[in-house]
Amino acid sequence: MAELGKTQAAVARAVGVSQQAIGKIINGQSSGSKFIARIARELMTTPQYLSGETDDPSEGALPVPTADDVADQVGGVRIKEIDLDYGMGASWIDGVPVTEVERVFPADWLVQFTRAHPQYLFFAHGAGDSMMPTIMDRDIVLIDTTQQTLNMSDRIWAVAFGGAGMIKRLRPQPDGGVKLMSDNPSVRDEVAYDGELSIIGRVVAVMRKI
């Protein structure tokens, strides 16, 4: 407990016993516990070490599974989720610190939307109402960054335009521009020219709470 910086109360909560029960084991007032295996897991050691059968705290211990191990066991893949909102209007992205976490999703679910390797995918949130009813405010969008060439008209893309992150339908124009279109008819379309637009990836899936 000292090496891991854990208190009696913390171990008790994790194991599901009272703090007094942990205290009695430590003070020798209790010879053992039916929860010894849980206690050992919480303290990253083995029941044999805690009961004095061995002096090696790691002998017989199973290695802690990695994130990849966990994903493999459930038939899943890890995909990054960033804390950046992509405005369906505009959301400023220049200079904004972006943190990310990884979520595990079933691989057989993912292939319905894209064959890209998970390292080139990420989840983000849409913000605003300019893409309603296709994408609602705070919907989660899956973005495939392997698709950055505008070779499909009227598909939905995550882009950077004028320093702002956006989710828009894109349509190439005869004069070389790209029209940024909203699904909400009350929102005016815009046109980008001469390198003003940077494609981050194509939106390949949308998820929302109902």
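What to note about this one:
- Considering residues of segment 190-207 that are touching a Lys or Arg at 6+ places or on another chain (Cβ under 8 Å) and among the charged types (D, E, K, R) only, the residue least open to solvent (accessible area, probe 1.4 Å): Arg202
- Scanning segment 154-210 for residues that are in contact (Cβ under 8 Å) with a residue 60 or more places away in the chain and among the hydroxyl-bearing types (Ser, Thr, Tyr) yields a total of 1.
- Residue within segment 109-116 that is in a loop (DSSP other than H, G, I, E, B), among the aromatic types (Phe, Trp, Tyr), within 24 Å of the chain's Cα centre (by Cα) and at pLDDT 90 or above present: yes
- Residue check for Gly176: closer than 25 Å to Leu121 by Cα, open to solvent by 40 Å² or more (accessible area, probe 1.4 Å) and assigned to a loop (DSSP other than H, G, I, E, B): no
The values are calculated or read from the model by the stated rules, or taken from the named source; none is laboratory data. Note that the structure is a prediction, hence the values are computed from the model and not measured. All Cβ positions, even for glycine, are placed from backbone atoms using ideal geometry, and neighbour counts span all protein chains on display. Surface accessibility is based on the protein's heavy atoms, side chains included, excluding ligands, DNA and RNA. Shrake-Rupley method; radii C 1.70, N 1.55, O 1.52, S 1.80 Å.
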